[in-house]
1. How crowded by other chains is B:20-27, given as the mean number of beta carbons from other chains within 10 Å of each beta carbon?
2. Per residue of A:34-40, how many C-beta atoms from partner chains lie within 10 Å of its own C-beta, taken as a mean?
3. For the rotation taking chain B to chain A, which residue of B has the Cβ nearest the axis, and how many Å away is it?
4. Output the 0 to 90 degree angle, nearest 10, between the alpha-carbon long axis of helix A:20-30 and the longest principal axis computed from the alpha carbons of chain A.
5. Using a 7 Å offset from Cα along the direction of the beta-carbon, what are the separations from A:L38 to the same position in each other copy, nm, ascending?
6. Averaging over all projection directions, find the projected area of the Cα convex hull of the stretch B:3-85 and quote it in nm² with one decimal place.
7. So what is the relative contact order for chain B, in percent, with contacts set as C-alpha pairs under 8 Å and at least six apart?
8. Based on the Cα coordinates of the protein assembly as shown, what is the per residue volume of their convex hull in Å³?
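Each value in this text was obtained by applying a stated rule to the coordinates, not by laboratory testing. Values in this document were obtained by computation on a predicted structure and should not be read as measured data. Glycine also receives a Cβ, built like all others from the backbone with ideal geometry; neighbour counts cover every protein chain displayed.
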2 protein chains.
Amino acid sequence: MSFNVEIIGLLAATLTTASFVPQVLKVWRTKEVKNLSLTMYSAMLAGVILWFTYGVLINSISIILANIITAILVSCIIYFRIRYSKK
Amino acid sequence: MSFNVEIIGLLAATLTTASFVPQVLKVWRTKEVKNLSLTMYSAMLAGVILWFTYGVLINSISIILANIITAILVSCIIYFRIRYSKK
C-alpha cells in the first residue's frame, strides 16, 4: 500500500473520527440525550469493532487507528445516553 | 483479499451504515434537530467521501459500498438539520 494512499486514509479517518467529538462534547455539556438513538450507537459500536478486525486482516493502519478511536468515542456517547436517560 | 475477510468487511459496513437509518427515520418523524450537530455531520460527510476514495485506491469493495450508502444517509440528515432548523 503506497504512502500517498495511506495519507488519504488517515485524512478520512481524522475527519470521520473527529466528527464524533462535537457530539460527545454537546451531550457532555447539555446532558440532553433524548434525540440520540441508542439503537444507532449500539449498531455503530458493533460495526466499528468489526471494521477494526477487517483493518487488522487487510493490514490497513488507517482503518485500525480510526476504529480504535471511534470505538472509544461511541462508547462515551452510549454511556452518556444511558446515564442521562435515567434522570 | 480473501473471501472471508471481505465478509467481515461487508458485515462491518452493514452495521455502521444501518446505524444511521434509525437516526434518519427519527429526525424525519420527529422533525427535532436541535441536538444534532451540523459540524459533526459535515465533517463526517467529508470524511466519508475520502474513505470512498481510499476504498477505490486499495480495491476494497466493503469500504466503497459502505461509504456510498453512508454518504447518502448523512446527506439526508444534513438536509433535515438545515430544513427543520429554519422553522
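1. Other-chain Cβ atoms within 10 Å of each residue's Cβ, averaged: 4.
2. That works out to 6 on average.
3. That would be B:N35, 2.
4. 10
5. Nearest first, the other copies' label points are 3.1 nm away.
6. With every direction weighted equally, the projected area is 5.2 nm².
7. 42
8. 98
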